[in-house]
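Worksheet: the structure to be examined is printed underneath.
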Amino acid sequence: MKKIASVLLATTLALSLAACGNTTSNASNDAPASGSASTPAPEKKKVEITYWYSWGDKIGENNENLVKMFNESQDEVVVKAEYQGTYDDQHSKAQAAFAAGNAPEVWQNEISSVGVFAKSGMTEDLTPFVEKANLDMKDFIPGLMGNSYVDGKLYALPYLRSTPILYLNRTLLKEAGLDPAGPKNWAEFEEYARKLTVKDKRFGITMPVDIWTYEAFVRQSGGTMISEDNKTAAFNTAAGIDPVKLWLKMKKEGTMNIVTTDDAGTQAKTDFHNQRSAMQFASTADLTKNMIVAEEQGFELGTSFMPANTTFGVPTGGCNLVMSAKLSPEKQEAAWKFIQWMTSKEQTIYASSFTGYLPSRVSAVESDEMKKLYEEKPLFKVAVDQLAYAGPRPMQKAYPEIAKILKDEILRSVVDSSVTAEAAIAEAAKKADALLSK
Amino acid sequence: MTLWSRLRPYVMVAPSIAIFSIFFIYPIFYMIYLSFFNWDFINPVKEFVGLDNFTELFRNNEFLQVLSNTLNYTLLTVSLSIVISLFLAIWLNREGTWYGIVQGALFSPHIISLVSVSLVWMWLMDPQFGLLNWLLQLVGLPKLEWLSSPDSSLLSLVLVAVWKGVGYNALIFIAGLQSIPKDMYEASALDEANRLRTFYKITLPMLSPTLFFLIIINLISSFQVFETIAIMTKGGPVNSTNTLVFYIYEYGFRYFKIGYASAAGVVLLVVVGLLTLVYFKLLSRKVHYQ
């Protein structure tokens, strides 16, 4: 505990130092402007706001680049971008910062957390801002809006949004005599994995037990996670059990490598990168990264829809932008200006082509820039097309805990062969019901 | 006596007492207070629920498993690292360059950041490509699952903790050994006592204050293990490495159940307090102070 305290202390110190640094540099920036006689208005002070984002690498660069572009595009607001680890890290830090009274003005909500933060009063209702700015909400892709409204009010705007897709190592697919377009349904998926497996050398697919992926499989079987009235778990049905059955079967056959350690996600990625697995379920956000790796490793990369059971289906993912509650009107205005800019057509085109995230606006998808990109690099288009089968993630306050319970119970059936898929899901549903009924 | 000379000692200790109260005493009482409420950290209203958080804790199988994980981890880590470091200390307690080098090497894990240590061990323990499994195969033993199986994950963490702690313990033991007067050994040599007898009759009793100190320190720090778990396992797989402090962190900062997390914190406080008390009462009688 002591360590945590000292880390917090160090962070606060570093932040306050950074803050001091910025004020001085702004003061010197402003000096020449106020000195020029042509400006009649009294020295106009720039409003400073802080923006938190998650993930490094290409995604981090994208955030830093956009903020830099925003700061250069106008002279009223200065945004300071700060990296905050994973979504989980960012959420816990934001919560602690809010309790301490120094939350960032603008930050990201992983979409299933929009409800939690709106309901606890940490984020601001954006409805009045949208009305005032006369923002055309119909331009946001409807499939991406399912995690923006809480109790009928708008709390978050779609920013870096994704769906899981199936990444394929087309070189290996061709070697195995398979159609490089990828499997269309679960049966084909099993067959692909079987043919791509080389004992002690390669798995058909390496994957973690990940709730986002599980949500996709449930959706593909025509099921949902939580009941309509938010009171009970809805996954204790064939649609919720079949995915686990499939995974356990493939694991037993040795065609699917289910990693049970905490860094399972990273391992699935490295296995795919090093061609120790031939397929991978991952976010469309990894697209540009995977394209670079494939080129370095000398294999042809493919993408396709996640295979269907009774239907195609994926949850959407990624993050929406939110504004902290209880800001001064001045800061609110600045924060809104930034959010509006970040989620607009030009920026979503930039972010999408830079990372592989989905463009969040209809006008962006239809723009010449994106059309040209899809023509040159058709891999980008798969996730956009798949949006037709996509839906929101659950947003109940208890959902983070339910997700953990589900993961634990599914993992139990993976490591302990005496636990069946039915038993694991039933146990998870029982615990989830107890949490939801509170 | 003037007023000032009466007051002076209190004025002198006031700053440290103030810091101690604000950062240690107040949080403890605030935590105990919070454990009777339902609160999400943000909502201005705290809902009083009495002892509900505690009954819920002890009805929750997950929490009971967390308690037993913590106990198992603590007992294994402390006993292994004390026994190993005691033997190492006896072996290393002599003159010579090589002994100095070995002692330095043993101590080095203690000064490396636990975060980097955890990351390195994660690579070593990789079930497919890790160095440890490669070594096992080299000598013809079967591969182990390490962190990926609930059967071996807690033991793997114990291994890291022992590796990390042995050097420090050995160092303290060596200091203790060197403070034992040489004439006692000379006397026992004259009486032709064998090595085992010398160890039980002289070394161990003379070392008991050191031993006692190390057991207490190790117990308390193992009970509060956090970093290795946060980095290497996040409590998994299937809750098999979830321990008290990590459990508190998860409920407090991921599920925003501050009251429930505080109740678990109170349990930690009570257990560590009791352990310390019991050990002081029981062991202090058997400890030989010169």
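The values are calculated or read from the model by the stated rules, or taken from the named source; none is laboratory data. All values reported here derive from a predicted model rather than from experimental measurement. Heads up, the Cβs are rebuilt from the backbone with ideal geometry, glycines too, and the neighbour counts pull from every protein chain shown.
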### Query
Residues of segment A:215-248 being part of a helix (DSSP H, G or I) and within 15 Å of A:GLU422 (Cα to Cα), which ones?
A:VAL218, A:ALA238, A:ALA239, A:GLY240, A:ILE241, A:ASP242, A:PRO243, A:VAL244, A:LYS245, A:LEU246, A:TRP247, A:LEU248
#### Entry: Given (1) out of contact with any Gly (no Cβ under 7 Å at 6 or more places or on another chain); (2) more than 27 Å from A:GLY177 (Cα to Cα); (3) not in a helix (DSSP H, G or I), number of the condition A:THR266 does not satisfy
(3)
### Query
When segment A:284-303 is examined, which residues are found to be of a type in the set (Ser, Thr, Tyr) and modelled with pLDDT under 95?
A:THR284, A:THR288
### Residues being closer than 21 Å to A:LYS46 by Cβ, in a helix (DSSP H, G or I) and touching a residue at least 60 places away in the same chain (Cβ under 8 Å) - total across segment A:327-383
14
### Task
Would you point out the residue of segment B:92-116, among those that are among the aliphatic types (A, V, I, L, M) and more than 14 Å from every other protein chain (Cβ to nearest Cβ), that is surrounded by the fewest Cβ atoms within 10 Å (Cβ to Cβ)?
B:ILE111
### Message
For segment A:98-115, which positions are closer than 20 Å to A:ILE339 by Cα and either more than 19 Å from the chain's Cα centre (by Cα) or at pLDDT below 90 (or both)?
### Response
A:PHE98, A:ASN102, A:ALA103, A:PRO104, A:GLU105
### Task
Could you grab the pairs with beta carbons closer than 9 Å, sequence gap of 6+ or different chains, first residue in segment B:126-143 and in a helix (DSSP H, G or I), second one exposed (fewer than 12 other Cβ atoms within 10 Å of the Cβ) and of a type in the set (A, V, I, L, M)?
B:LEU135/B:LEU141
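Regarding segment B:50-71, can at least one residue be identified that is closer than 20 Å to B:GLY165 by Cα, away from chain A (no Cβ under 12 Å), assigned to a helix (DSSP H, G or I) and without any contact (Cβ under 8 Å) to a residue 60 or more places away in the chain? Before you say what the answer is, go through the steps one by one.
Initial filter on segment B:50-71 (closer than 20 Å to B:GLY165 by Cα): B:69-71.
Then keep just the ones that are away from chain A (no Cβ under 12 Å); that gives B:69-71.
The next check asks that each one be assigned to a helix (DSSP H, G or I); those that pass are B:69-71.
Adding the requirement that they be without any contact (Cβ under 8 Å) to a residue 60 or more places away in the chain leaves B:71.
Yes, the conditions are met somewhere in segment B:50-71.
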### Message
Name the single residue that is nearest to the other protein chains (Cβ to nearest Cβ) among those in segment A:96-113 being closer than 17 Å to A:LEU126 by Cβ and not in a helix (DSSP H, G or I).
### Response
A:ALA103
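Can you give me the ranges of the helices (runs of 4 or more DSSP H) entirely in segment B:195-254 with at least 1 residues that are at the interface with another protein chain (Cβ under 9 Å from one of its Cβ atoms) and within 14 Å of B:THR70 (Cβ to Cβ)?
B:244-253
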### Leading residue by the ranking (modelled with the lowest pLDDT) among those in segment B:243-290 that are of a type in the set (Val, Ile, Thr) and farther than 30 Å from A:ALA398 by Cβ
B:VAL287
### Leading residue by the ranking (farthest from the other protein chains (Cβ to nearest Cβ)) among those in segment A:374-401 that are surrounded by fewer than 18 Cβ atoms within 10 Å (Cβ to Cβ) and out of contact with any Pro (no Cβ under 9 Å at 6 or more places or on another chain)
A:GLU375
### Query
Considering only residues of segment A:409-437 that are of a type in the set (Asp, Glu) and touching a residue at least 12 places away in the same chain (Cβ under 8 Å), which is farthest from the other protein chains (Cβ to nearest Cβ)?
A:GLU422
### Task
Looking only at segment B:1-43, count how many residues are within 30 Å of B:LYS257 (Cα to Cα) and among the polar types (S, T, N, Q).
4
#### Entry: Selection count, segment B:92-124, where residues are under 21 Å from B:PHE213 (Cα atoms) and either at pLDDT 95 or above or of a type in the set (Phe, Trp, Tyr) (or both)
1
### Query
Could you give every pair whose Cβ atoms fall below 9 Å, whose first residue belongs to segment B:220-236 and is among the basic types (Lys, Arg), and whose second residue is in a loop (DSSP other than H, G, I, E, B) and buried (at least 19 other Cβ atoms within 10 Å of the Cβ), counting only separations of at least 6 or pairs across chains?
B:LYS234/A:ASP262; B:LYS234/B:THR241; B:LYS234/B:ASN242
## Note on the structure
Note on segment A:210-223: residues under 13 Å from A:THR311 (Cα atoms), crowded, with 16+ Cβ neighbours inside 10 Å and either β-branched (Val, Ile, Thr) or touching a helix residue (DSSP H, G or I) at 6+ places or on another chain (Cβ under 7 Å) (or both) are A:PHE217, A:VAL218, A:SER221, A:GLY223
### Query
Can you find even one residue in segment A:332-347 that is surrounded by 24 or more Cβ atoms within 10 Å (Cβ to Cβ), modelled with pLDDT of 95 or more, of a type outside the set (A, V, I, L, M) and under 19 Å from the mean Cα position of the chain (by Cα)?
no
